[in-house]
Structures are given as C-alpha cells and as structure tokens.
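Quick notes on the structure that follows.
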Amino acid sequence: MDFVLSKEHQMLRKMYREFAENEVKPLATEIDEEERFPTETVEKMAKLGMMGIYFPKEYGGAGGDVLSYVMCVEELAKVCGTTAVIVSAHTSLCCAPIFEHGTEEQKKKYLPDLLSGKKIGAFGLTEPNAGTDASGQQTTAVLEGDHYVLNGSKCFITNGTVADTIVVFAMTDPKAGNHGISAFIVEKSFPGFSVGKHEKKMGIRGSSTCDLIFQDCIVPKENLLGQEGKGFKIAMMTLDGGRIGIASQALGIGEGAIDEAVKYTQERVQFKKRLSQFQNTQFQLADMHTRMQAAQYLVYAAAMKKQNHEPYSMDAAMAKLFAAEAASDVTRRAVQLFGGYGYTREYPVERMMRDAKITEIYEGTSEVQRMVIASHLGVK
Amino acid sequence: MKIIVCVKQVPDTSGKVAVNPDGTLNRASMAAITNPDDLNAVEAALVLKEQTGAEVIVVSMGPPPAEGMLREVMARGVDRAVLVSGREFGGSDTYATSQILAAAINKIGVGPEDIVMCGRQAIDGDTAQVGPQIAEKLGLPQVSYAAEIKKDGDTLTIKRMLEDGYMTIKVKTPCLITCIKELNNPRYMSVNGIFECYAKPYEIFDYNTLKDDPLIDPSTIGLKGSPTNIFKSFTPPQKGVGMMLEGADKATCDKLAGILAAKHMI
C-alpha cells in the first residue's frame, strides 16, 4: 500500500477542507438545532461534483476514485456529521448499487441526475421487524403484467424525505427466504409511494430519517435492479461499500473533535496553566490522535481495495468497526477535556459526541461488523 | 477570444510575516497561496468564458514549484497555464516583472478581442504596480480596480471602485483590467477539475523562450534590471475597529464633531 497521497488527492483534500470550513461549518450548529436538511449545501456540493465523485464521466460522475470519495466524507464530517452522511448515503447506498447492478438503460436513466446532484438518492432495506436481521423482509413485491406491486413499509431511511430515487428491497418469493428478496429502483412519484414519519434523533439531526410506505405501489418491471431473488446479495454488497462511507464519516467526526480539543486546551487556563500544559491533556490527545490515525489507515486501505476491485468486505467491516468505536471514544474524551463548556451547545464537541454514536449502529452495528470479520476468519 | 490572467504565488500573510535579516520576506517559512485578488481576476475570466466561450490562460512568474498553484487554478476551470521561470528572472522588482510578463503575454499573443486581467495587487508587496505597468508595456488601455465587468461585443463596461466613490468606464478590447475582491467570490476547485488539471496544457517560458522580445534585455530584467531596493518588510499594524454613529439629527452631528475635536482632527 502506498502511504503517499497523489497530487490530485492532496488538492482534493485542500478543496474539501476549504469548502467544509467556509460553507458547511457555519451551518452545522443551526441545522442540528433546527433539525433542518441543508438543501443549500447539497446544491453547492452538486456543482463541485461531490455528489458523484467516484463514478465515470459518461454517466455524469466526476471521474474520481473511491479514496477521493472517502476523503470528501471525512473532511465534511470533521465539521458536520449530518452533511457527511447525506453524501455517504446518496453515493454508497443509491448511486453505487445502480451503477454496479443496473442495466445500461437503468444507468443511463438514473445516474446522470443522481451523480450531478440534481436528484438525491436513498436506500430502503430496514423495516420495523427487519433491522440487523435484514433477511426478515416483510415488504412484498408481486409481479402483475408489466409492473410489480409493492406493499409494506421501511423505516430509518436516511435522506428519505428528500430522496427522488430510492433503491428498495422487497420479497418477491416469501418462501425462498434470502433468495426471495429482490431490489427495485423506486421513484418518489410512483403511485402508492409515500413518506411516513420523520424520526427525531439524538445526533445527525439535520439528516432526514423517515419511514417509507408502499401501498399498492406500482413499480415498472424494468425497474427491477439485478435479477429477481438476488436482492439480498445486492443489499449486502451495497452495505460493504456503504460501510466505507460510514467509516469515513466516523473518522472525520473523531478528527474534528481532536481539532477542537487541541484548539480549546491551548486557550483555556486553569490553575494558572493552559490545559494543554497538563500531562493528562497531552496523553489524552496523543491517544485520541493515535486511534484516529489508525482508523484512517484502515479506512483508506479498504477504499484502495474497493478501488482496485479486490475483495474488501472484511476490510470495510474492520474500518467501520474501528473508526466508529474510536469516534465515539474520542468525542467523549473531547467533551471531557472541555469540561462543563463541552457539555453546552456553545461548543461543537457535544454535537460531535451525539453524531459519533450512530456510526456504531447504522449500516451494520459494530456487532454485525464483528460477525462479518469473524466469518472471514472462518470462525464458526 | 482569449483571456490571459496573471497570477502570483505569494506567502500567506494572514498569519505572522517572517522577514529575513536583509529586510526581504522569508518566503520559505510561510505557506504559499495564490494571491487572493488574482483569484478574483481568474473568476471574472471564468464568468466571461461561460458567457462567450473564451479560452482562459493563466500566466505566472516564479520558481518551478509554482506549477502546483497553476494546476489548482486550472482545477477551477482555466484552460491552460504558462509558468515564466528562469534564473535570469530572479530578484525582479515590479518594473522588471512587468517587463517579463509583458513579453510572455506577447508570446501568447493579444488579439483584437482579447483581454488581460490581473489582481489589483499582491499581498506580499502590496504595490498594485505590475498590472498597470504590463498595460503600459503592451500599449493596452487599462482599467484598474474593477468591481463590476459587463461585456457587450467588443466593449466592456467596468465599474471602478475608488476610495471616494465609483467610476464607470467603457473600454474596447484589447485591454487590461485589474480586479478587486468586491468583483466576485472565486469559485472552489471542482472534483472533476482536479482530476483533469494535470492533463491540461502547461508550458514553461524560460529566458530562451522570451529573449528575442525587445522587452527582454539583461539590463531590464532580474535583480540587475530592478531599480527598487527593499528598505524594510513588516506586517502593517491592524486597523482598529471603526466607530459608527447613526442618525441625521443635530445631536448626532454634535457628537461626531465632539469626537473629532477630542482627537484633535478638527
């Protein structure tokens, strides 16, 4: 593995950082307080190619690579976990499965608008009774002539209220278990589709999270993604990629908390000394930075493997597991270094601590990541 | 139609300025950035490109590492870049620099529809001399301190922002414009632009490339050709926060007069 970033990647980092500092950071507190989706930021990111980073130009992508996408999510998450997950869910969970499993017609129809950011994407797998056990899908899809009829509901769908295009999973053959699940591309305008309640969350509060309801929803036959019965495999492959995105989000949140803590502890004086002069502060920050640096290597390694078309499922699971747990630990320690001020909403570290927690839960809990890693080790 | 934009890599003076014992800037100890006003000129050129389809070319004089800056400018949408670089050009002051840049612009060629753009001034020297001197040496009409630019055919209507007001000027191409930060907000590099910028045309003009231009003479370029001697470099003191009085009544006027009198200004 090459540990030296290319000139392009260094330039991308600089661009993402400038954008995050000038356009994203000033809104981070507001969108968290108001639980408001930052539409204006998405429009700006779209213009800069950030909504379709690693997809080919022929479909309207920016022609970048997976690492450049990872760095984007990382830099956004340093200042705003919400903005980072909007890009991650859109890219990894909607654009990627259409690009990787779609027919040429589907790619030409859906990708240009998604990759240019004109439309926002989402992914509908989770149901009230099918969370970590995604195989327990109760949404059904029945083929009737030239279309499928979908019935059921999805929950906790990131970008749900704002998405135009959603990759949705449903049972086409309930008796076949995992092999009876199929994937569909659903447009929000399809008859019988509606958006349900918006979740009030602990963190990433500017991100839209809601139920999707399918009531005799008509989905044209040509919107079947991949083959019938292959939906579970598509979902798992998509989540492998998604985990790299969430790992990048966790990585950024942790790094952002360290940036804030380094700055604060050099300013705050107690016992006539700056906090940064106390050995405890130095040791805490050293541990925090070491953990996030290790996370960065895992995340970048997983990204490089995906880019090079090598098996990366275990790498993505390890990256997400480690980065998410490190982010939760590091943000909690950052709040502790800030003391009472860290617990107030005047400073961003309490938001970062709330935002970090979800990275241990969504797109596969840390427990699921351990199951994935163990299965790759052949441990049964 | 071409738009040639002069850009300069400068030390980031937003932090502390490092000065060598001889009074010159210690550039090595400060981060290098693209001169902010030059980015306003680049943005103005890119806006005109979107309106007219013009080709935008950036020119910079500096050492070879300035390529990084030029690539970044191309990642914003500029079509090609020229770096003017050679030992013979080292130590040039504004007089010699404008001489060399004018020769480089001559080499690229200024046609009847073309525009040359510069930032108002560089944050390291703060002279605002290079743009106007290039115009003089190229025999181009110049409009400095542009805060608004409108193009209609071969005529540009430019609103100049001066200390005591605005001045609107009409000028025909070819011409040279110096741009101020009030003109626009420079765009970011784009992801697509970054992945394309290393494939865009990039040329180096050295002494041999330019030596046949009548402007290039050993006595008018480099340290030898620079009449300026640097006496001292320093960070200008920060201006204090101004005071605002609101109201058009007599009491406010009296208060203003009182403040000015107390400071012995009236």
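The values are calculated or read from the model by the stated rules, or taken from the named source; none is laboratory data. Since the model is a prediction, treat every value here as computed from it, not as a measurement. Positions of Cβ are backbone-derived with ideal geometry, glycine not excepted, and every protein chain shown enters the neighbour counts.
If you check B:Val110 against the conditions, is it closer than 21 Å to B:Leu210 by Cβ, more than 14 Å from chain A (Cβ to nearest Cβ) and more than 11 Å from the chain's Cα centre (by Cα)? Judged against the criteria, B:Val110 is a match.
B:Lys239 meets each of the listed conditions (1) over 30 Å from B:Pro11 (Cα atoms); (2) loosely packed, with under 11 Cβ neighbours inside 10 Å; (3) among the basic types (Lys, Arg) apart from (1). Quick check on the range A:13-27. Is at least one of its residues crowded, with 19+ Cβ neighbours inside 10 Å, without any contact (Cβ under 8 Å) to a residue 12 or more places away in the chain and either assigned to a helix (DSSP H, G or I) or touching a strand residue (DSSP E or B) at 6+ places or on another chain (Cβ under 8 Å) (or both)? No, because not a single residue in the range A:13-27 is crowded, with 19+ Cβ neighbours inside 10 Å, without any contact (Cβ under 8 Å) to a residue 12 or more places away in the chain and either assigned to a helix (DSSP H, G or I) or touching a strand residue (DSSP E or B) at 6+ places or on another chain (Cβ under 8 Å) (or both).
Residues in the range A:118-132 that are in contact (Cβ under 8 Å) with a residue 40 or more places away in the chain and over 16 Å from the mean Cα position of the chain (by Cα): A:Lys118, A:Lys119, A:Thr132. Just one of the listed residues (B:Val58, B:Val82, B:Val19) is farther than 18 Å from B:Leu138 by Cβ, more than 14 Å from every other protein chain (Cβ to nearest Cβ) and among the β-branched types (Val, Ile, Thr), namely B:Val19. Only one of the listed residues (B:Asp114, B:Asp79, B:Asp93) is touching a Ser or Thr at 6+ places or on another chain (Cβ under 9 Å), under 25 Å from B:Leu48 (Cα atoms) and in contact (Cβ under 8 Å) with a residue 24 or more places away in the chain. That residue is B:Asp114. Of B:Ala45, B:Ala41, B:Ala81, B:Ala54, all but one fail to be touching a Phe, Trp or Tyr at 6+ places or on another chain (Cβ under 8 Å) and within 30 Å of A:Ala62 (Cβ to Cβ); the exception is B:Ala81. Within the range A:238-258, not a single residue is in a loop (DSSP other than H, G, I, E, B) and farther than 26 Å from A:Glu310 by Cβ. Go through the residues of the range B:178-188 one by one and say whether even a single one is in contact with a Pro (Cβ under 9 Å, 6 or more places away or on another chain) and part of a strand (DSSP E or B). Checked against the condition, which is being in contact with a Pro (Cβ under 9 Å, 6 or more places away or on another chain) and part of a strand (DSSP E or B), the range B:178-188 yields at least one hit. Condition check for B:Asn185 on (1) over 21 Å from B:Glu67 (Cβ atoms); (2) within 14 Å of chain A (Cβ to nearest Cβ); (3) surrounded by 15 or more Cβ atoms within 10 Å (Cβ to Cβ): one failure, at (3). Where helices (runs of 4 or more DSSP H) sit wholly within the range A:43-146, those with at least 1 residues that are of a type in the set (Val, Ile, Thr), surrounded by 24 or more Cβ atoms within 10 Å (Cβ to Cβ) and within 14 Å of chain B (Cβ to nearest Cβ) occupy A:66-79, A:81-88.
Screening the candidates B:Ile100, B:Ile105 for the property of being at pLDDT 95 or above and either surrounded by 16 or more Cβ atoms within 10 Å (Cβ to Cβ) or of a type in the set (Lys, Arg) (or both) yields one hit, B:Ile105. Among the strands (runs of 3 or more DSSP E) confined to the range B:1-63, the ones with at least 2 residues that are under 20 Å from B:Ile177 (Cα atoms) are located at B:2-6, B:55-61. Residue pairs whose Cβ atoms lie under 8 Å apart, sitting 6 or more positions apart in sequence or on different chains, and linking a residue in the range A:293-318 that is surrounded by fewer than 17 Cβ atoms within 10 Å (Cβ to Cβ) and at pLDDT 95 or above to a partner that is in a helix (DSSP H, G or I) and among the aromatic types (Phe, Trp, Tyr), are A:Ala294/A:Phe322.
Each residue in the range B:189-233 was checked for being more than 14 Å from chain A (Cβ to nearest Cβ), out of contact with any strand residue (DSSP E or B) (no Cβ under 7 Å at 6 or more places or on another chain) and assigned to a loop (DSSP other than H, G, I, E, B), and 23 of them qualify. Would you confirm, using the coordinates I've provided, whether B:Leu83 is under 19 Å from B:Met189 (Cβ atoms) and in contact with an Asp or Glu (Cβ under 7 Å, 6 or more places away or on another chain)? In short, yes. In the range B:206-223 there is no residue that is polar (S, T, N, Q) and in contact with a Ser or Thr (Cβ under 7 Å, 6 or more places away or on another chain).
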